[in-house]
Amino acid sequence: MKIAILAGGFGTRLAEETEIKPKPMVEIGGRPILWHIMMHYSFYGFSDFIIALGYKGEVIKKYMVDYSSLHSNLTVHLKDGRVDVHDGQNQDWSIELIDTGIRTQTGGRIKRLRDYIGNEPFMLTWGDGVSDVDIHKLLEFHKSHGKIATVTAVRPPARYGYMKFNGSQVTEFTEKPQIGEGWINGAYFVLEPEVFDYIDGDETVWEREPLERLADEGQLMAYRHTSFWQCMDTLREKHILEKMWDSGDAPWKIWED
């Protein structure tokens, strides 16, 4: 099954980083968050990726083309330009890098991948969030209900310190990882090829008309994920992920080095 990753947005709330690179290339622990997402899927045996490019897509292309050299020891022969790669940490991945337009909306990016995905089920996620979602259980859930689309529902992470009071006295203060109210779209979709018919074109926002229509028709099911999930929309969220990684307690790192 192919994994589609949307990696074309402008990342305006991370402008300090995204002036020179697309958001999926912002690094956590010295590796792009896109790499972390791909490692997650790879852990579960999925290694056939399609990445929808847009803003500064050339940076992602260059990284993938140079991946072997960047993460290996090299012997460079200056006389003839030959490069020997050895002791590498290469992944057995197939990666299709597809330009889907600079200003194309999320639905439009998905529809532009149709010819590369074909008439088969596929998975879809964003290029700016990590989790410890069990992909095998997610797929099992999707296959069990027979509907067109499954979305992973998550608890929204708390953005600020959580406090309890006794009068004006603070009795509890904590950076709670997730609050106990409501569910939000955590991406990590599993989709049947019929979803392409719910997308009109480049101006379609996936999170609006397509998902609303799928829900109205009873074709959208939610896989409830109660464990770790974190997006990286802001510098604060980047620092949260960096702190987890540096501490050696990164819940999304389910693979071995």
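Going through 83, 65 one at a time, which residue ends up being touching a strand residue (DSSP E or B) at 6+ places or on another chain (Cβ under 6 Å) and modelled with pLDDT under 95? Before you say what the answer is, go through the steps one by one.
Numbers: 65 fails: touching a strand residue (DSSP E or B) at 6+ places or on another chain (Cβ under 6 Å).
When all the criteria are applied, what remains is 83.
List every residue pair whose Cβ atoms lie under 6 Å apart, where the two residues are 6 or more positions apart in sequence or sit on different chains, the first residue falls within segment 85-100 and is surrounded by 10 or more Cβ atoms within 10 Å (Cβ to Cβ), and the second residue, located anywhere, is aliphatic (A, V, I, L, M) and in a loop (DSSP other than H, G, I, E, B).
Partner pairs satisfying both residue conditions: none exist.
I'd like the residue in segment 226-257 that is touching a helix residue (DSSP H, G or I) at 6+ places or on another chain (Cβ under 8 Å) and not in a loop (DSSP other than H, G, I, E, B) and, out of all such residues, is farthest from residue 45 (Cα to Cα). Reasoning before the result, please.
Our first condition is that a residue be touching a helix residue (DSSP H, G or I) at 6+ places or on another chain (Cβ under 8 Å); within segment 226-257, this holds for 230-235, 238, 241, 250-255.
So of that shortlist, the ones also not in a loop (DSSP other than H, G, I, E, B) come out as 230-231, 235, 238, 241.
Details: 230: 22, 231: 23, 235: 31, 238: 27, 241: 24 Å.
Per the stated criteria, the residue is 235.
Looking at 64, 38, which is the one that is within 14 Å of residue 129 (Cα to Cα) and part of a helix (DSSP H, G or I)? Full working, then the answer.
On the way: 64 fails: within 14 Å of residue 129 (Cα to Cα).
Just one listed residue meets the conditions, 38.
Might you let me know whether segment 17-39 holds any residue that is farther than 30 Å from residue 138 by Cβ, surrounded by fewer than 18 Cβ atoms within 10 Å (Cβ to Cβ) and at pLDDT below 90?
Step one: list which residues in segment 17-39 are farther than 30 Å from residue 138 by Cβ, which gives 19-20.
If we keep only those that are surrounded by fewer than 18 Cβ atoms within 10 Å (Cβ to Cβ) too, we end up with 19-20.
Next cut, at pLDDT below 90 only: 19-20.
Looking for residues that are farther than 30 Å from residue 138 by Cβ, surrounded by fewer than 18 Cβ atoms within 10 Å (Cβ to Cβ) and at pLDDT below 90, one finds at least one in segment 17-39, hence yes.
Just checking, does segment 182-198 include any residue being assigned to a loop (DSSP other than H, G, I, E, B), loosely packed, with under 14 Cβ neighbours inside 10 Å and modelled with pLDDT under 95?
In the first step, residues of segment 182-198 are kept if they are assigned to a loop (DSSP other than H, G, I, E, B); the result is 182-183, 186-188, 192.
From the residues that got through so far, the ones that are loosely packed, with under 14 Cβ neighbours inside 10 Å too are 182.
Filter again for modelled with pLDDT under 95, leaving 182.
Scanning segment 182-198, I find at least one residue that is assigned to a loop (DSSP other than H, G, I, E, B), loosely packed, with under 14 Cβ neighbours inside 10 Å and modelled with pLDDT under 95, so the answer is yes.
Scan segment 227-239 for residues that are of a type in the set (A, V, I, L, M, F, W, C) and within 26 Å of residue 138 (Cα to Cα) and jot them down.
228, 229, 231, 232
So in segment 201-234, with the set limited to residues that are in contact (Cβ under 8 Å) with a residue 60 or more places away in the chain, over 21 Å from residue 128 (Cβ atoms) and among the acidic types (Asp, Glu), which one is surrounded by the most Cβ atoms within 10 Å (Cβ to Cβ)?
209
Tell me, which residue of segment 235-257 that is surrounded by 14 or more Cβ atoms within 10 Å (Cβ to Cβ) and not hydrophobic (A, V, I, L, M, F, W, C) is farthest from residue 152 (Cα to Cα)?
242
Among the residues that make up segment 20-33, is at least one of them hydrophobic (A, V, I, L, M, F, W, C), within 26 Å of residue 240 (Cα to Cα) and over 15 Å from the mean Cα position of the chain (by Cα)?
The answer is yes, given that some residue of segment 20-33 is hydrophobic (A, V, I, L, M, F, W, C), within 26 Å of residue 240 (Cα to Cα) and over 15 Å from the mean Cα position of the chain (by Cα).
With the requirement that a residue be closer than 23 Å to residue 50 by Cβ, of a type in the set (S, T, N, Q) and not in a strand (DSSP E or B), what does segment 114-158 give you?
Selection gives 119 alone.
Out of the residues in segment 41-61 meeting the condition of being free of Cβ contacts under 8 Å to residues at least 40 places away in the same chain and not in a helix (DSSP H, G or I), tell me which one is surrounded by the fewest Cβ atoms within 10 Å (Cβ to Cβ). Walk me through it before giving the result.
Within segment 41-61, the subset free of Cβ contacts under 8 Å to residues at least 40 places away in the same chain is 45, 56, 58-59, 61.
With not in a helix (DSSP H, G or I) added as a condition, the list becomes 45, 56.
Values: 45: 9, 56: 21.
Among those residues, the one meeting the criterion is 45.
The values are calculated or read from the model by the stated rules, or taken from the named source; none is laboratory data. Remember, predicted model here, so these are calculated numbers, not experimental data. Ideal geometry is used to build each Cβ from the backbone, glycine not excepted, and the neighbour counts take in all protein chains shown.
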